[in-house]
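The values are calculated or read from the model by the stated rules, or taken from the named source; none is laboratory data. Because the structure is predicted, anything quoted here is derived from the model rather than measured. Cβ placement follows ideal geometry from the backbone for every residue including glycine, while neighbour counts extend to all protein chains displayed. These accessible areas exclude ligands, DNA and RNA; they are computed on the full protein's heavy atoms, side chains included. Shrake-Rupley method; radii C 1.70, N 1.55, O 1.52, S 1.80 Å.
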Amino acid sequence: TLNRRGLNQKLDELLHSELLTHQSIAFILLDIDYFKNINDQFGHDAGDRVLQVIPQVLRQHLRDYDIMGRYGGEEFLLVFTDTPLISIQHILERCRHAIEDNKLEYQGKLIQFTASFGVYFSHN
């Protein structure tokens, strides 16, 4: 998973190449639902663990060339290129279900979490 600096660098490279090739591009912002409640109820170490698990779960459903990075706080940015919107919807639905089905055991407690996705899609 890319950090914010690596993500910005990758996006700069991508945007320059996409502008030249006129491929479609999708930016997806993933937000962990009620993340503050996880920190409040289970502690910040548990919240940090959730932040580590999310990319692991996502990688199981993303393609090798899809871009993923932590955008800030409890947000991750995913970038898909040259992918039909219907395919993106299917990928994200699988990711959403996988996150929802994942239960993190932390210090004898089960933590369940969900995520919401916002999509911006541009097709040239």
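What's the carbon and sulfur percent of the chain's accessible surface, probe 1.4 angstrom, rounded to a whole number?
Ligands and nucleic acids excluded, carbon and sulfur reach 49 percent.
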Next item on the list: Using DSSP to define loop residues, name the trypsin sites (Lys or Arg not before Pro) in the range 1-89 whose beta-carbon has at most 11 other beta-carbon atoms within 10 Å.
Entry: Arg63
Check: If Lys and Arg each add +1 and Asp and Glu each add -1, what is the summed charge of the other residues whose beta carbon sits under 9 Å from the beta carbon of Leu2?
Finding: +4
Next item on the list: Please name which of Asn102, Ala26, Ile86 has its Cα lying farthest along the dipole of the chain towards the positive end, using unit charges on Cβ (Lys, Arg +1; Asp, Glu -1) and the Cα centre as origin.
Entry: Asn102
Check: Between Thr81 and Leu110, what is the FRET efficiency for a Förster distance of 41 Å, r being their Cβ-Cβ separation, to the nearest 0.05?
Finding: 0.65
Next item on the list: For Leu2, enumerate residues with amide H under 5 Å from its amide H, sequence gap 5+ or separate chain, H modeled in the peptide plane.
Entry: Met68, Gly69, Arg70
Notebook entry, point to check: Local charge sum around Glu74 (other residues, Cβ-Cβ under 14 Å, Lys/Arg +1, Asp/Glu -1)?
Noted result: -1
Note to self: What are the ³J(HN,Hα) couplings of the range 60-75, residue after residue, when phi is run through the Karplus curve with 6.51, -1.76, 1.60 and θ = phi - 60°? Round to Hz, x for glycine and proline.
What the structure shows: 5, 10, 9, 7, 4, 8, 6, 9, 9, x, 7, 8, x, x, 9, 10
Note to self: Suppose the chain between Lys36 and His22 were pulled fully straight at 0.36 nm per residue; how much longer would it get relative to their current alpha carbon spacing?
What the structure shows: 1.1 nm
